[in-house]
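> I'd like to ask you about the structure that follows.
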Amino acid sequence: MPDQDIAREREHARGRPLFEEWDDHLFKGAAEHYERGRLPYADGLADVLAAELALDGTGTLADLGCGPGTLARLLAGHFARTVAVDPDPDMIERGRELAATAGITTITWLTRPAERVSFEDGEIDMAVFGQSFHWMDRARVARDLRRALRTGGHLVHIADVKTERPTDGGIPRTEIDALVREYLGEVRRAGRTLLRQGTPGDEEEVLARTRFVGPRRIVVKGGGTLHRTVDDVVAEQYSMSFSVPHLFGEALPEFDARLRELLARHAVDGGFEVGRPDTDVRVWTNPPPA
Ligand SMILES: C[S@@+](CC[C@H](N)C(=O)[O-])C[C@H]1O[C@@H](n2cnc3c(N)ncnc32)[C@H](O)[C@@H]1O
């Protein structure tokens with residue numbers, strides 16, 4: 001691994017950002033696969049948030065690292081206005097299209113990193129991160145939100161509960177991982193760099209240091225199963241930062257054929273019955289300024 005990457009990994013351990021600047025290779029090409037590929041958050045998520053946080057259709061939501069507006073679209077009806085932010089232009093474009101199809105008109109889309117958004121003091125009532133905070137300069141974004149969120153406003157972190165996925169429906173994950181490593185190497189890829197230790201999970205420390213109050217944790221049960229076709233699982237693979245299509249270069253057609261062949265060999269009735277993951281919700285409250 002180049003020295004530069006080793007240095008970055010050391011900093012990562014100290015709560016530092018993974019990237020000094022947004023790396024436009026990170027999710028390049030993922031947008032078209034995202035909505036189909038990613039498993040949905042638990043069905044009850046919007047209702048649980050509305051009840052727990054007394055959402056009443058007023059105020060402003062910021063969805064930071066919105067991807068194709070997964071949470072912005074889900075929650076827009078609970079706010080007067082939503083600001084959806086992502087530096088990947090294709091994610092934003094896809095979000096716009098999906099919102100238009102759903103008749104949602106209250107979302108403003110911003111193509112930029114969360115670190116580059118300037119909100120007015122107290123402009124935001126709730127900020128939400130759906131599996132995106134770890135990519136950011138977390139200390140900086142948290143500091144900015146202490147000012148941008150109104151006092152008593154909420155910062156909400158949302159992720160799949162990966163360890164509680166009841167069944168993966170026979171998807172050959174170990175073989176898929178080995179196939180990806182065969183083409184992309186042993187160390188996890190991330191845009192133009194490598195991540196030896198994966199992404200940081202230090203949001204609780206970072207937010208404690210920034211003096212947010214919390215977290216309050218809620219787990220929304222997924223429940224039941226979803227039928228996933230071979231195409232769905234291929235889309236999931238290409239929606240992941242560590243195996244977005246461009247990383248395979250000219251070998252993409254060959255990788256694609258081998259992935260499909262592997263999945264077809266394990267599929268039952270053309271697919272997989274996958275347990276719906278639970279959704280992990282952690283809520284912090286913005287106290288009055290010190
Ligand atoms: C795993 S996707 C999550 C998308 C969506 N929030 C969801 O819950 O499905 C992570 C997203 O974070 C975005 N992202 C990465 N670095 C970012 C940054 N510095 N500021 C804002 N978004 C960023 C990526 O472009 C990507 O769309």
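> What residues have an amide H closer than 5 Å to that of Val83, excluding those fewer than 5 places away on the same chain, when H is modeled at 1.01 Å from N in the peptide plane?
Result for Val83 returns Leu61, Ala62, Asp63, Thr108.
> Within the chain, what is the longest stretch that has no GluC sites (Glu not before Pro) placed in a DSSP loop and near at most 12 other beta-carbon atoms within 10 Å?
187-290
> Can you grab the distance from the C-alpha centre of the stretch 220-290 to the C-alpha centre of the stretch 41-81, Å, no decimals?
Distance between centres, Cα-based: 22 Å.
> Continuing with the same structure: Nearest 5 is fine: what % of DSSP beta bridges in the chain come out antiparallel, could you say?
55 percent
> On to the next question. Which whole number of Å³ per residue matches the convex hull of the alpha-carbon atoms in the stretch 210-256?
100 Å³
> Mind grabbing the base-10 log of I(q)/I(0) for the stretch 65-201 at q = 0.13, 0.22 Å⁻¹? Debye formula, identical points on the C-alpha positions, no solvent, two decimal places.
Evaluating at q = 0.13, 0.22 Å⁻¹ gives log10 I(q)/I(0) of -0.71, -1.36.
> Okay, moving on. For the residues Ser241, Ser132, what sequence is obtained by ranking on other C-beta atoms within 10 Å, fewest first?
The fewest-first ordering by Cβ neighbours comes to Ser241, Ser132.
> Contour minus end-to-end for Val161 and Gln197, with contour as 0.36 nm per residue of separation and end-to-end as the Cα-Cα distance?
Working: separation 36, 0.36 × 36 = 12.96 nm, distance 1.93 nm.
Length gained between Val161 and Gln197: 11.0 nm.
> If you take the C-alpha gyration tensor of the stretch 182-290, multiply each eigenvalue by 5 and take the square root, what semi-axes do you get, largest first, in whole Å? Don't skip to the answer; put the middle values down first.
Details: eigenvalues 259, 102, 16 Å².
Whole-Å semi-axes of the equivalent ellipsoid: 36, 23, 9.
Values quoted throughout were computed directly from the atomic coordinates according to the rules given, and no laboratory measurement underlies them. Bear in mind that the values here come from a model prediction, so they are computed numbers and not experimental data. Here the Cβ is made from the backbone with ideal geometry for all residues, glycine too, and neighbour counts use every protein chain on show.
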